Amino acid sequence: MTDPRSWVESWKPTEAVKPPVPVVDVHSHTVVDSVAELVRPHFRPEDDPRTFYSSDTSKKLNQAFYREAAAKFVDPDHRVADMDAMGVDVQLVAISPLQYFYWADETLSPRAAAEQNDAIAGLVASRPRRFVGVGTLPMAHPAAAAKEARRVAQDLGFPAVEIGADVNGVDLDDPRFEPLWEALEENRLVVILHPAGFTEARRLTDYYLVNVIGMPLSSTVAVTRMILGGVFERHPGLEMLVVHGGGYLPFYAARTDHAFRHRPELRQHIDRLPSEYLRRLHFDITVFDPRMVERLVADYGADRVLVGTDYPFDMGLPDPLQLVASCRLTDSEKHLILGGNAERLFRLNREGAAGSSQ
């Protein structure tokens, strides 16, 4: 894309037939400009690896994109108009990963996350039958993150939180996060794993590889470490959805299983094949190819695959209905992917949660 306007202005209504079930998009983003200004004086470029390792060309294009797409991130009318064009009834709304701000200190980070979550709650309140809130957490400070997770669930009524694939380079199998996993499990908060680039991306600077390869690679490393580190073994009630189709691991899990059988390093914390834990996870369809969606369904079940668009980013999926329609799946499988799985996983079968034209 040489001009960000070509993405923003090309949003066209889907030609796919609207299904007889509410369509739920579990992967979309917003920004909170006031919090960005709050933390700006404390920011260092190396704190944001996706931008830090981007080429000058990519940085300029990204800045132009944010200017052109600004209203889509924050204006409920713009969002609803695009949802209607896509055939989406309900949208789960999470913060942009560029606004995780995990690098902020123990005072600023919890404040930033709380203000972001309150802003998301305000967006939900503006269209309560179209939007569902997804919380963000001050992940570098696990005690504060656990406290905010309880507030997100109990006070704001969000069914999920979104977290990065690492926390300032610290992997998610680190023991410091154990109290947080417990809090998320206890409060039935679904964890949406969404990377914010790749921390070691020096070879991914050109060609926008920091996003194209770096994002799914980051998720692949995070999920693999959580599995091998025993996080899912210790927390059987922890529900996780991994965006971008789960990264690369779901499509190459056999190599990890092979290593598990032959290398003792992989058997320190688990005694089952790593792929068995993968079957407990959920994956969205931001993979752009019906054959990859079909592969996810074949390997992990139609009940583990959900619509996700990455709205409103240019790396997103503007016509999820057409992608699902082009898959060689049964109608019942398609209906699960389009909305049934999301309604179950995120407990959306409640008043005002789905299927409204408001």
Exercise. Can you spot a residue in segment 81-94 that is within 19 Å of the chain's Cα centre (by Cα), of a type outside the set (S, T, N, Q), buried (at least 24 other Cβ atoms within 10 Å of the Cβ) and more than 18 Å from Leu317 (Cα to Cα)?
Worked result: no
For this session: Find all pairs meeting these conditions: Cβ atoms under 8 angstrom apart; at least six residues apart or on different chains; first residue within segment 127-146 and closer than 21 Å to Ala165 by Cβ; second residue among the acidic types (Asp, Glu) and in a strand (DSSP E or B).
Result: Val134/Glu162; Gly135/Glu162; Thr136/Glu162
Problem set entry | Evaluation of Glu106 against (1) touching a Pro at 6+ places or on another chain (Cβ under 7 Å); (2) modelled with pLDDT of 95 or more; (3) among the charged types (D, E, K, R) (one fails), failing number | (1)
For this session: Among the candidates Val21, Val93, Val17, single out the residue that is in contact with a strand residue (DSSP E or B) (Cβ under 8 Å, 6 or more places away or on another chain) and outside any helix (DSSP H, G or I).
Result: Val93
Exercise. Does Pro138 qualify as being surrounded by fewer than 23 Cβ atoms within 10 Å (Cβ to Cβ), out of contact with any strand residue (DSSP E or B) (no Cβ under 6 Å at 6 or more places or on another chain) and within 23 Å of Val190 (Cα to Cα)?
Worked result: no
Exercise. Taking into account only those residues within segment 32-67 that are surrounded by 18 or more Cβ atoms within 10 Å (Cβ to Cβ) and part of a loop (DSSP other than H, G, I, E, B), which is modelled with the lowest pLDDT?
Worked result: Asp48
For this session: Confirm whether Val223 is free of Cβ contacts under 8 Å to residues at least 60 places away in the same chain and under 27 Å from Gly308 (Cα atoms).
Result: yes
Exercise. Does Met226 qualify as being at pLDDT 95 or above, of a type outside the set (Lys, Arg) and closer than 26 Å to Pro179 by Cα?
Worked result: yes
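Listed here are the residues, each with its yes/no results for (1) touching an Asp or Glu at 6+ places or on another chain (Cβ under 6 Å); (2) not in a helix (DSSP H, G or I).
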position	(1), (2)
Asp105	no, yes
Ala113	yes, no
Ala121	no, no
Gly133	no, yes
Leu137	yes, yes
Glu162	no, yes
Problem set entry | Criterion: buried (at least 21 other Cβ atoms within 10 Å of the Cβ) and more than 22 Å from Ile213 (Cβ to Cβ) - qualifying residue of Val307, Val287 | Val307
Problem set entry | Residue under evaluation Leu184, criteria (1) closer than 21 Å to Phe232 by Cα; (2) touching a Phe, Trp or Tyr at 6+ places or on another chain (Cβ under 9 Å), criterion not met | (2)
For this session: State all residues of segment 204-223 that are assigned to a helix (DSSP H, G or I) and among the β-branched types (Val, Ile, Thr); if no residue qualifies, say none.
Result: Val210, Val212, Thr220, Val221, Val223
Exercise. How many of the residues making up segment 165-180 are assigned to a loop (DSSP other than H, G, I, E, B) and either modelled with pLDDT under 95 or surrounded by fewer than 22 Cβ atoms within 10 Å (Cβ to Cβ) (or both)?
Worked result: 5
Problem set entry | Filtered residues of segment 230-245 (kept if outside any helix (DSSP H, G or I), surrounded by fewer than 19 Cβ atoms within 10 Å (Cβ to Cβ) and either touching a Ser or Thr at 6+ places or on another chain (Cβ under 8 Å) or among the basic types (Lys, Arg) (or both)) | none
For this session: Six or more apart or on different chains, Cβ under 8 Å: which pairs go from a residue in segment 248-268 that's farther than 27 Å from Pro290 by Cα to one that's among the polar types (S, T, N, Q) and outside any loop (DSSP other than H, G, I, E, B)? Could you list them?
Result: Leu266/Thr256
Exercise. What are the pairs, 6+ residues apart or on separate chains, where a residue within segment 181-195 that is on the phi < 0 side of the Ramachandran plot and surrounded by fewer than 17 Cβ atoms within 10 Å (Cβ to Cβ) has its Cβ under 6 Å from a residue that is of a type in the set (Ser, Thr, Tyr) and at pLDDT below 95?
Worked result: none
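The values are calculated or read from the model by the stated rules, or taken from the named source; none is laboratory data. Just so it is clear, the structure is predicted and the values come from calculations on it, not from any experiment. So basically every Cβ, Gly included, is an ideal-geometry build from the backbone, and we count neighbours across all protein chains shown.
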